[in-house]
Amino acid sequence: MREEDLLRFQWIADPRISPDGTRIAFTRVAVDADADEYRTSLWMIATDTAGAAPRPLTFGTHDSQPRWSPDGLQLAFVRAPDAGKPGQLHVLPMVGGEARALTRLEKGASAPAWSPDGARLAFLSGTHPELDDPERKKPKHEPGRIVTRPEFRMNAEGFIDLDHLDHVWVVDLEQGEPRPLTRGRFKESAPCWSRDGRWILFLSDRRDEPWFGPEHTDIFAVPADRGAPTDGEDLALVADLGGTIAAFAEDAHGRIVAVGGLRPDPPRSYDQGDLLLFEGDWPRREPRVLTADFDFEIGDGLSSDQHPPRGGGAMPLGFTGEGRAALTVVGRHGAAMLARVALADGAVEELTDARHEVIAGSLTPDGRRAALVLGDVTRPGVLHLYDVASGTLRRLWDPNEELCAGAGLGEVEELWYPSFDGRRIQGWIVKPPDFDPARKYPLILEIHGGPHVAYGVGFFHEFRVLAAAGYVVLYTNPRGSTTYGQEFANIIQYRYPGDDFQDLMAGVDAVIARGYVDEGRLGVTGGSGGGLLTNWVITRTRRFAAAITQRCVADWAAMYYSADFALFTPAWFRRPPFEDAQEYLERSPAHYAARVETPLMVIHSEDDWRTPIGQGETMFRALKQQRKTAVMLRFPGESHELSRSGTPSRRVQNQQHIRRWFDRYLMGRPAPEYG
């Protein structure tokens with residue numbers, strides 16, 4: 001496995017099973033190396049024909065978001081003319097013929113949702129009908145921005161344009177004239193028709209100043225036949241949790257199952273998701289927490305650098321055919337499984353095994369079949385059909401079978417080890433393809449970000465490239481990680497970084513104790529929160545011969561003032577830095593830069609607004625000021641998502657530099673470009 005193999009991968013995104021369960025439409029993502037970008041097109045595979053191969057449905061280069069009509073005779077999707085340009089809503093007849101454009105809106109269309117009778121589509125658009133009049137003269141240069149909100153830009157999305165927020169629209173397939181149903185200063189997401197076709201439900205946070213509190217998203221509804229768009233005063237409030245709702249689905253009886261969670265007071269650093277059931281008369285439904293006694297994740301996945309970089313997708317969520325249970329995804333101990341949750345008592349039954357992660361999926365309306373993309377340590381994502389009634393899982397297509405089979409991948413071994421306080425920590429060891437336990441190998445510790453995410457049984461290209469180059473790679477889930485329960489994830493509140501460092505070092509010790517690691521050749525790297533911990537590690541120990549900090553945090557006070565999200569809530573720090581600077585200093589690696597002796601590479605993207613590039617510059621310059629060994633690698637035009645969905649050639653370059661830096665200090669190979 002080499003860095004440039006990234007250009008050969010294909011990904012299955014947003015699998016959508018047809019209403020009768022006989023076909024799956026999905027977005028195929030592949031790299032166009034000449035154009036140096038990702039291409040997306042719609043493909044389909046039959047589910048009841050043994051050995052069926054997928055076939056293309058569209059030949060556009062930026063097609064995505066396939067959605068079946070209720071009768072399965074049409075497929076709505078979004079087509080963009082070019083990367084980064086607004087997409088427009090199209091409908092493709094499945095009996096043959098060309099796709100027909102339904103919208104030509106200035107800001108495009110997304111998230112199509114069919115009405116129950118198949119006559120209309122709801123969707124989202126940021127188009128402002130008055131401001132985007134084509135007859136309206138546009139200024140030659142972009143005017144200066146007036147900023148009145150602390151959150152005014154978002155990583156990988158750009159500056160927030162309050163005049164062009166996503167709102168709910170509807171279009172009649174016969175009349176073909178799209179019209180807005182909502183407008184104003186609050187954005188909407190996830191439009192979905194009510195079962196009777198009279199309303200369109202959606203998610204929205206309609207607080208004036210949401211940054212002063214924890215996340216809070218409710219389900220609202222707007223009449224589908226509304227004549228003029230509403231600012232929101234007369235919307236129907238369907239589900240108010242007092243917390244956040246991330247996804248929802250309605251059954252034929254008007255019950256709503258949702259993934260979300262209550263937000264306690266005082267706030268916690270992390271709140272584990274639950275499965276919720278909303279019942280009652282229209283419009284207001286009362287919530288019941290189904291999984292209150294299930295202390296693991298609901299509706300969430302794992303961290304991986306090989307999830308589809310384009311094309312989107314969601315986790316399966318809905319009701320079973322008999323209506324006595326709901327289907328969702330649960331995360332437990334570094335795995336993500338499809339599960340059935342009984343509505344009567346909340347009992348959770350895992351349906352797929354813990355060797356895989358559910359990356360994305362969908363259900364038939366009757367809940368009897370599911371389309372699933374499953375990943376594991378040997379494959380980025382394989383399309384499967386799951387029959388809920390029989391409990392059988394059938395593999396349909398692996399787009400990377402030949403590539404991965406020819407790469408000679410080494411073994412990945414799971415391990416559990418005790419930390420300093422007896423707490424058990426889970427990790428995985430990626431071994432070189434020709435691993436010999438009698439040899440001594442250099443070891444690289446990989447640290448995940450978040451911090452509230454999880455490594456696990458997903459596929460990591462970066463780990464495989466390093467293993468193929470002769471390294472043993474260790475990745476673990478220290479305290480603060482998800483999939484181990486609420487207490488385990490939240491224990492680092494006001495102590496991050498802290499005891500998680502000791503969890504990481506205990507993992508390194510556990511692998512060294514096996515006898516095949518050279519203690520003099522240890523490396524450490526991580527991104528985002530993992531970059532923070534990489535910085536922290538080299539201020540606490542000199543046992544590592546080389547380090548690479550990626551899209552890191554180095555100075556918490558500067559992070560408070562410059563990140564795209566506002567840190568006004570007391571979930572990470574008790575008070576703001578102008579009231580208690582000491583707490584921020586004590587948890588900032590740059591404050592301890594005088595202790596660093598480890599050669600450090602800093603990798604950062606210049607358009608990273610999640611952990612702005614000044615964080616990486618802080619660590620780099622602090623070491624240069626001391627004439628210590630440090631080099632900075634900067635990627636122009638890239639965001640915080642460089643290693644997961646950045647420009648293909650830059651993702652390859654990123655991994656090449658990672659390997660060459662470690663090769664220099666752990667393998668003794670020359671790398672004169674680093675000085």
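The values are calculated or read from the model by the stated rules, or taken from the named source; none is laboratory data. Please read these numbers as outputs of a predicted model, since none were measured by experiment. Ideal geometry is used to build each Cβ from the backbone, glycine not excepted, and the neighbour counts take in all protein chains shown.
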Can you tell me which residue within the stretch 214-238, out of those that are over 19 Å from ARG185 (Cβ atoms) and part of a loop (DSSP other than H, G, I, E, B), is nearest to the chain's Cα centre (by Cα)? PRO214
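Mind checking whether some residue in the stretch 95-104 is charged (D, E, K, R) and not in a strand (DSSP E or B)? Write out each step before concluding.
Step one: of the stretch 95-104, the residues charged (D, E, K, R) are 98, 100, 104.
Remaining after also requiring not in a strand (DSSP E or B): 98, 104.
Within the stretch 95-104, one or more residues are charged (D, E, K, R) and not in a strand (DSSP E or B).
Just one of LEU75, LEU102 is touching a Pro at 6+ places or on another chain (Cβ under 8 Å), more than 23 Å from GLU188 (Cβ to Cβ), among the aliphatic types (A, V, I, L, M) and surrounded by 14 or more Cβ atoms within 10 Å (Cβ to Cβ); which is it?
Details: LEU102 fails: more than 23 Å from GLU188 (Cβ to Cβ).
The match here is LEU75.
So in the stretch 596-612, with the set limited to residues that are crowded, with 22+ Cβ neighbours inside 10 Å and under 27 Å from the mean Cα position of the chain (by Cα), which one is nearest to SER528 (Cα to Cα)?
Top of the filtered list is THR611.
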Residue count, the stretch 488-529 (criterion: under 20 Å from TRP416 (Cα atoms), assigned to a helix (DSSP H, G or I) and small (Gly, Ala, Ser)): 4
Find all pairs meeting these conditions: Cβ atoms under 9 angstrom apart; at least six residues apart or on different chains; first residue within the stretch 303-317 and under 20 Å from ARG67 (Cα atoms) and of a type outside the set (D, E, K, R); second residue assigned to a loop (DSSP other than H, G, I, E, B) and at pLDDT below 95. MET315/GLY299; MET315/ASP300; MET315/GLY301; LEU317/GLY299
For the stretch 621-646: of the residues being buried (at least 21 other Cβ atoms within 10 Å of the Cβ) and more than 27 Å from the chain's Cα centre (by Cα), which is nearest to HIS604 (Cα to Cα)? ALA630
Every residue from the stretch 173-197 that is basic (Lys, Arg), in a loop (DSSP other than H, G, I, E, B) and either under 28 Å from the mean Cα position of the chain (by Cα) or at pLDDT 95 or above (or both): ARG183, ARG185, LYS187
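State whether the residues of the stretch 279-302 include one that is hydrophobic (A, V, I, L, M, F, W, C), assigned to a loop (DSSP other than H, G, I, E, B), surrounded by fewer than 16 Cβ atoms within 10 Å (Cβ to Cβ) and modelled with pLDDT of 90 or more.
There is at least one residue in the stretch 279-302 that is hydrophobic (A, V, I, L, M, F, W, C), assigned to a loop (DSSP other than H, G, I, E, B), surrounded by fewer than 16 Cβ atoms within 10 Å (Cβ to Cβ) and modelled with pLDDT of 90 or more.
Listed residues VAL511, VAL473; which is in contact with a Phe, Trp or Tyr (Cβ under 7 Å, 6 or more places away or on another chain), buried (at least 19 other Cβ atoms within 10 Å of the Cβ) and not polar (S, T, N, Q)?
On the way: VAL511 fails: in contact with a Phe, Trp or Tyr (Cβ under 7 Å, 6 or more places away or on another chain).
Going through VAL511, VAL473 in turn, the sole match is VAL473.
Out of the residues in the stretch 647-669 meeting the condition of being of a type in the set (A, V, I, L, M) and assigned to a helix (DSSP H, G or I), tell me which one is nearest to TYR38 (Cα to Cα). Before you say what the answer is, go through the steps one by one.
Let us first name the residues in the stretch 647-669 that are of a type in the set (A, V, I, L, M), namely 652, 658, 666-667.
With the extra rule that they be assigned to a helix (DSSP H, G or I), the set shrinks to 652, 658, 666.
Working: VAL652: 14, ILE658: 23, LEU666: 34 Å.
Filtering first and then ranking leaves VAL652.
A quick yes/no check of all residues on (1) within 24 Å of VAL358 (Cβ to Cβ); (2) small (Gly, Ala, Ser):
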site: ASP14; (1), (2): yes, no
site: ARG23; (1), (2): yes, no
site: THR27; (1), (2): yes, no
site: ILE45; (1), (2): yes, no
site: GLY60; (1), (2): no, yes
site: SER69; (1), (2): no, yes
site: PHE77; (1), (2): yes, no
site: PRO86; (1), (2): no, no
site: LEU89; (1), (2): no, no
Counting only residues that are out of contact with any Pro (no Cβ under 8 Å at 6 or more places or on another chain) and among the charged types (D, E, K, R), which one in the stretch 584-606 is farthest from ARG543 (Cα to Cα)? GLU586
Conditions (1) buried (at least 19 other Cβ atoms within 10 Å of the Cβ); (2) closer than 26 Å to VAL168 by Cα; (3) in contact with a Ser or Thr (Cβ under 7 Å, 6 or more places away or on another chain) -> THR58 fails only (2)
Would you please name the residue that is farthest from LYS628 (Cα to Cα), looking only at residues in the stretch 571-591 that are out of contact with any Phe, Trp or Tyr (no Cβ under 8 Å at 6 or more places or on another chain) and either of a type in the set (Asp, Glu) or buried (at least 16 other Cβ atoms within 10 Å of the Cβ) (or both)? ALA571
Restricting to the stretch 590-646, what's the tally of residues that are farther than 22 Å from TYR38 by Cα and not in a strand (DSSP E or B)? 31
